[in-house]
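A.B. asks: Sharing a structure below in structure tokens format, with a few things to ask.
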Amino acid sequence: MLPNEISSKVLNVGPDYIQNKGGIPAVIKMYSQLYDPFIFIPTYFARKGLAVHLLSLKQILSITLFLHRNSQIQIVHIHGAAKGSFYRKYIIFLLSKYIFRKKVIYHVHSGAFPTFYKNSHHVVKICIRHFVEHSEAVICLSELWRSFFAETFKPKELLVLRNMVEKVTDETQYKLQTTYKNGKVIFLFLGMVRESKGVYDLVKAASQIPVKHRYTYEIWIAGEGEVDKLNVLIEELALTDTVKYIGWLDGEKKTEAMRKASILVLPSYYEGSPVCILEALAYGMPVVSTDVGGIPELVQNNYNGFLSKPGEIEALRDNIFYFLNNRDQINVFGINSLKISTVYYKDSVLSSINDVYYNLLKISL
């Protein structure tokens, strides 16, 4: 737990982590358990249309008033992503740094940030550069993203701070179900249902697995988004008995699915450090994914899973098929996942957060 002398001086801002769904809210929720107190003001709520922008403006005003009334705040820790998130956070950066003279940490969670920068108008690029280079510290999620920021910008301080995961303490983490030999192998997808997550590639890969294996496994797709489009594709490829959409999972439902599943599949086109993969490692699950963002730091080929290039459906099919033909390797790969997961437990990450804040606040340990 961060001591009060530190946490009371830090304001965290980012998407609402109580009602919002997705990776960044999940990460912020984990952070909230490490601070005493956790001072947080949300900047984004899952709404549609004009309501999103009106709420964001209201929250920016709330942050302005809060900083005016709470002079003890010395650091504003901004959790951001790309696109709309960047514009909201840039306004908060300008207010925090130049109006209230606070130190700013820009914590970039989005694996799409390099693409966002590359494709932005030159004026937006100037704003992005200003934000990155004038924050007191920039935090990214992997060594790959460290390279991007170091080569593209000149940040004052650049740090890799890995996402964290809860340690699973009961016997289910070892995934020693007899169903591996006698029943169905369960592949689990967790994430937004959209093309960039590779979910349609996953369904197409399943359609290429020989029909004789169709009743030896299931693919569970959990998430929200383009559900109608997903179900149409499942119907068109005659996979309704094999690929099942099970809705958004959280709480006990998510825990139950993680315990029953054999392998996590996430064939994304871009990522930072996916929370669902970290959770899979903690549950002792092999992972089939893609070699993007920070994923190669979590998944090692032929050790705790397999990686392929985004969009390579045949390679994805082969990586899924491997576990159908080699069920005994599910536990072997899963135990290796557990070994990797230990460096992502809360205590390991907490010391890094401590160091960041202590350095900015100039407080001696």
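A.B. asks: What are the residue pairs meeting all of these: first residue in segment 51-65, first residue at negative phi and among the small types (G, A, S), second residue part of a helix (DSSP H, G or I) and open to solvent by 20 Å² or more (accessible area, probe 1.4 Å), Cβ atoms under 7 Å, and 6 or more apart or on different chains?
C.D. replies: S56/R88
A.B. asks: Closer than 21 Å to K156 by Cβ, at pLDDT 95 or above and either under 21 Å from the mean Cα position of the chain (by Cα) or among the hydrophobic types (A, V, I, L, M, F, W, C) (or both): is that true of V123 in this structure?
C.D. replies: Numbers: closer than 21 Å to K156 by Cβ: no; at pLDDT 95 or above: yes; either under 21 Å from the mean Cα position of the chain (by Cα) or among the hydrophobic types (A, V, I, L, M, F, W, C) (or both): yes.
Considered against the rule, which asks whether it is closer than 21 Å to K156 by Cβ, at pLDDT 95 or above and either under 21 Å from the mean Cα position of the chain (by Cα) or among the hydrophobic types (A, V, I, L, M, F, W, C) (or both), V123 comes out as no.
A.B. asks: Counting only residues that are at pLDDT below 95 and not in a helix (DSSP H, G or I), how many does segment 81-115 have?
C.D. replies: Within segment 81-115, residues that are at pLDDT below 95 and not in a helix (DSSP H, G or I) number 7.
A.B. asks: Do we find that N301 is over 17 Å from the mean Cα position of the chain (by Cα) and without any contact (Cβ under 8 Å) to a residue 24 or more places away in the chain in this structure? Working first, answer last.
C.D. replies: Working: over 17 Å from the mean Cα position of the chain (by Cα): yes; without any contact (Cβ under 8 Å) to a residue 24 or more places away in the chain: yes.
It is true that N301 is over 17 Å from the mean Cα position of the chain (by Cα) and without any contact (Cβ under 8 Å) to a residue 24 or more places away in the chain.
A.B. asks: Out of the residues in segment 243-260 that are over 18 Å from M285 (Cα atoms) and in contact with a strand residue (DSSP E or B) (Cβ under 6 Å, 6 or more places away or on another chain), which is least open to solvent (accessible area, probe 1.4 Å)?
C.D. replies: V243
A.B. asks: Sticking with this structure for a sec: Answer yes or no as to whether Y322 is open to solvent by 20 Å² or more (accessible area, probe 1.4 Å), within 25 Å of Q19 (Cα to Cα) and not β-branched (V, I, T).
C.D. replies: Details: open to solvent by 20 Å² or more (accessible area, probe 1.4 Å): yes; within 25 Å of Q19 (Cα to Cα): no; not β-branched (V, I, T): yes.
Considered against the rule, which asks whether it is open to solvent by 20 Å² or more (accessible area, probe 1.4 Å), within 25 Å of Q19 (Cα to Cα) and not β-branched (V, I, T), Y322 comes out as no.
A.B. asks: Find the residue count for segment 275-292, including only residues that are open to solvent by 10 Å² or more (accessible area, probe 1.4 Å) and in a loop (DSSP other than H, G, I, E, B).
C.D. replies: Here is the first cut: in segment 275-292, the residues open to solvent by 10 Å² or more (accessible area, probe 1.4 Å) are 275-276, 279, 283, 291-292.
Of the ones still in play, those that are also in a loop (DSSP other than H, G, I, E, B) are 283, 291-292.
So the count comes out to 3.
A.B. asks: For R88, indicate whether it is open to solvent by 40 Å² or more (accessible area, probe 1.4 Å), under 29 Å from E297 (Cα atoms) and touching a residue at least 24 places away in the same chain (Cβ under 8 Å). Before the answer, list the steps.
C.D. replies: Numbers: open to solvent by 40 Å² or more (accessible area, probe 1.4 Å): yes; under 29 Å from E297 (Cα atoms): no; touching a residue at least 24 places away in the same chain (Cβ under 8 Å): yes.
When the stated conditions are applied, R88 does not pass them.
A.B. asks: Answer yes if at least one residue in segment 318-337 is under 24 Å from the mean Cα position of the chain (by Cα) and without any contact (Cβ under 8 Å) to a residue 24 or more places away in the chain, and no otherwise.
C.D. replies: no
A.B. asks: Can you name the residue in segment 145-166 that is in a helix (DSSP H, G or I) and within 20 Å of I353 (Cα to Cα) and, of all such residues, is most open to solvent (accessible area, probe 1.4 Å)?
C.D. replies: Pass one, segment 145-166, residues in a helix (DSSP H, G or I): 145-152.
Narrowing further to those that are within 20 Å of I353 (Cα to Cα): 145-146, 149.
Numbers: W145: 35, R146: 86, F149: 5 Å².
By that ranking, first place goes to R146.
A.B. asks: Could you figure out which of (1) hydrophobic (A, V, I, L, M, F, W, C); (2) surrounded by fewer than 19 Cβ atoms within 10 Å (Cβ to Cβ); (3) touching a strand residue (DSSP E or B) at 6+ places or on another chain (Cβ under 8 Å); (4) within 24 Å of I219 (Cβ to Cβ) isn't true of V332?
C.D. replies: (3)
A.B. asks: Can you run down the residue pairs with Cβ atoms below 6 Å, 6 or more apart or on separate chains, where the first is in segment 119-139 and β-branched (V, I, T) and the partner is assigned to a loop (DSSP other than H, G, I, E, B) and open to solvent by 20 Å² or more (accessible area, probe 1.4 Å)?
C.D. replies: V132/P155; V138/P155
The values are calculated or read from the model by the stated rules, or taken from the named source; none is laboratory data. Bear in mind the structure is a predicted one, so any value in this text is a computation, not a measurement. Cβ atoms come from the backbone with ideal geometry, glycine included; neighbour counts cover every protein chain shown. The protein model used for the area step is the full one, side chains on, heavy atoms only, and it has no ligands, DNA or RNA in it. Shrake-Rupley method; radii C 1.70, N 1.55, O 1.52, S 1.80 Å.
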